[in-house]
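Below is one structure, written out as structure tokens; the observations come after it.
The values are calculated or read from the model by the stated rules, or taken from the named source; none is laboratory data. The shown structure was predicted, so the numbers you read here are calculated from the model rather than taken from an experiment. The protein model used for the area step is the full one, side chains on, heavy atoms only, and it has no ligands, DNA or RNA in it. Shrake-Rupley method; radii C 1.70, N 1.55, O 1.52, S 1.80 Å.
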Amino acid sequence: VHSAPECVSSIRSRQVVYFRTAAICLVHEKDLTIQEATNLLTCIVRLNNAFVEDKDDLEERDNLDQLCTYFLSDNESYRLQMKNCSKTLSEVLKCVVLTAPASLVWIPDEASDYCFSADGSDGHAYAINILTGVVLIDGMPPNTLPASITNDKRYEMIYGKNNFEVINKGEQLETVQPVQGCLYRFRKSKDSLVIEESMQIVDESDIESCW
């Protein structure tokens, strides 16, 4: 939370390059094992949800992205491995959204070979694209807090210029991962800003009872 936003973005930019390079190394394997396919999907999902704003590596990231997508779309074994393994999709989803249910039944999209959706026991609908790494919760991707919250003086008094990665949970925004052991929820109305902090989370088993 205390790192300068520009430093975080620069570090994540290099991470995206490394993840994309790792993915390209794997994608050339034409007969992927389930573990190799899982590693590949993990790289793709993590780099797509890294929230990078750094412009220095933009061209390199874009070139790697195009190469990876091109080769990945031609890898039939990758698609078949993911199509038959709901457990893998659920595990990779939690790399981005730790609060997602541990076990989801994923249904292939009739309109695409790469899109899968699942209804969670928590009342939320999840979707994942194994080609692009896009993750959706109730039709919306994870995002950072909007300026209406981060520019609020009450928010700035506590968090300064720092931001959080969040998902939409009804009328509030919830952090996708614990921050210093706790989840946070943010809700902004016209005149008020409500911030909730969960109980301490030691491991994933604490998530369901942390509020």
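Of all lysines in the structure, the ones whose alpha carbon falls short of 24 Å from that of Lys94, not counting any fewer than 8 places away in one chain, are Lys83, Lys169.
Largest accessible area first, the residues Met199, Met157, Met82 order themselves as Met157, Met199, Met82 under a 1.4 Å probe with ligands, DNA and RNA left out. Dividing the summed helix terms, -39500 (n - 2.57) for each DSSP H run of n ≥ 4, by the number of residues in the chain produces a 222 nm estimate of -12000 deg cm²/dmol to the nearest 500. Under the Karplus relation 6.51 cos²θ - 1.76 cosθ + 1.60, θ = phi - 60°, what is the ordered set of whole-Hz ³J(HN,Hα) values for segment 202-211, x standing for Gly and Pro? The phi angles translate into 8, 9, 4, 5, 7, 5, 5, 10, 7, 9 Hz. When the Kirkwood radius is taken over all Cα pairs of the chain, what Stokes-Einstein diffusion coefficient follows at 4 °C and 1.567 mPa s, in µm²/s? In µm²/s, the coefficient rounds to 71.
Counting only residues at least eight positions apart within a chain, or on another chain, the lysines with an alpha carbon under 21 Å from that of Lys55 are Lys161. Over segment 20-162, what is the mean sequence separation of C-alpha contacts under 8 Å (at least six apart), divided by residue count, expressed as relative contact order in percent? Relative contact order, segment 20-162: 22 percent. Compared with the dominant principal axis of the Cα atoms in the chain, helix 5-27 is inclined by about 20°. Our summary gives segment 94-211 a relative contact order of 16 percent, counting only alpha carbon pairs under 8 angstrom and 6 or more residues apart.
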